[in-house]
Each structure stands twice: as structure tokens, then as C-alpha cells.
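Below is one structure, written out as C-alpha cells; the observations come after it.
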Amino acid sequence: LGWNVWATLGFAKERFGSNRDATLFDPHAQKGWETGGPGRLLLLSAAASTRLERDESRNTQISATARYFRRNLEKNLFSVSLSALVTERIDPENQVLLGGDNGLRGYPLRYQAGERRAILNVEQRFFTDWYPWRLFRVGYAVFADAGRVGGRDPRASPSLGTLYDVGVGLRLSSPRTSGRSVVHIDLAFPLNRTPTIDRSQLVVETRGSF
């Protein structure tokens, strides 16, 4: 829960083979608090990266995330996550994307693109004692997501505003594996979809946590 701060500093020099001189900065910071008694936790993190060349900053990305957890219903957990990302003069190969692969589970992967992004995830998590064949433990969750992109990306369609979805998911974890990863199987339903996408989205991925 204490401060966790680190940074990376790099240099690109033409005499070492670079096509330009540049200085790269990449600072990070994290902090946590137990708020309002046991079973309540607030985690804040922020990060930035930029490249300074010819006295101008390029490929600048600034992100911030707030996560709140509260134990409820005896052994279960309520969680809220809010994240934001803003950019300036990002390199052509980079995009700020919004979709099923970064938190908006009711929409296709890379559904929207822009210059900035905000995502809100609200989730009620349920832990069970079900341990089938002693292979994996089973949990489940109900959730709601909201997100939007802003700014213009010349390679993408215009922003559709704030998008919403709701859904349910299974969580499978195995104490017998060394990676301690959790399989997420989420079925989500977009609330303001366009006719070009399906009425539901199935997202399967592995994460380091529930």
C-alpha cells in the first residue's frame, strides 16, 4: 500500500545508429489506501511516456487508473475501475483503441479509435467452493462497462460517443499451475449497438487476477 515509484530514461543518438537524436522519459507511480475499515481498498496509479526531439515532445501518452474494492455479501467482492488515457502527437503505428480487448466487453475488438480514451468498469464478483476434479476453482461475476474515445483518428470511423454494455462471466483458476493465471469467459451485451455488430460478444482471455 506504500508508494511505488519508478522511471526509465533513454537516449537515442545518431552516432549510435539512430536516425535522430532523442531523449525518452517513462515515469510511473502507484499508491494504495485502506479506506473506511477492513475489506475496503483504493488503488491509484499514473504513468506517462514521451520522446523529446528537437525541443518538442512526441508520442506523448499519459494514463491514470483508480480501482476500488469492497468486500460484501460475506466473502464476495464489489469492484469499480476507472481509467483514462490522453495522447499528443502519437506515432503513426500507435492507436488509442476501445473495444472488447481493453475493457468494453460488449463490443468487438478495436471497435473505436481516437486520441484519448476513458473506461469505467463496475463488477460484482462471487467466489464459490466448487473445485471440480480438483483441477480448477470456479467463480463468476456480473458487470457493466462504459467507455468512449475522443479526438480524431484518420484511420478510424468517427466516435460514436459513450458506449455501454452489461454481462456475466465465469472465472476459472487452477492452484496447480505455476502461472497463477485466471481464465475469464465473459458474455456481454451492448446497450447502444449499431446494426453492424452482434447482439452479444463472447470474450475469452487470461489475466493475472479475478
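The values are calculated or read from the model by the stated rules, or taken from the named source; none is laboratory data. Only a predicted model underlies this, so the values are computations on that prediction, with no experimental measurement involved. Cβ: placed from backbone, ideal geometry, glycine included. Neighbour counts: every protein chain shown.
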Q | Only one of ARG71, ARG20, ARG40 that is touching a Lys or Arg at 6+ places or on another chain (Cβ under 9 Å), over 30 Å from SER173 (Cβ atoms) and of a type in the set (Lys, Arg) | A | ARG20
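Residues are listed down the side, and each one gets a yes or a no for (1) surrounded by 17 or more Cβ atoms within 10 Å (Cβ to Cβ); (2) touching a Leu at 6+ places or on another chain (Cβ under 6 Å):
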site	(1), (2)
ARG134	no, no
ARG148	yes, no
LEU160	no, no
TYR164	yes, yes
PRO175	no, no
ASP186	yes, no
THR194	no, no
GLU205	no, no
SER209	no, no
Q) Going through segment 72-83 one residue at a time, which ones are modelled with pLDDT of 95 or more and exposed (fewer than 15 other Cβ atoms within 10 Å of the Cβ)? A) VAL80
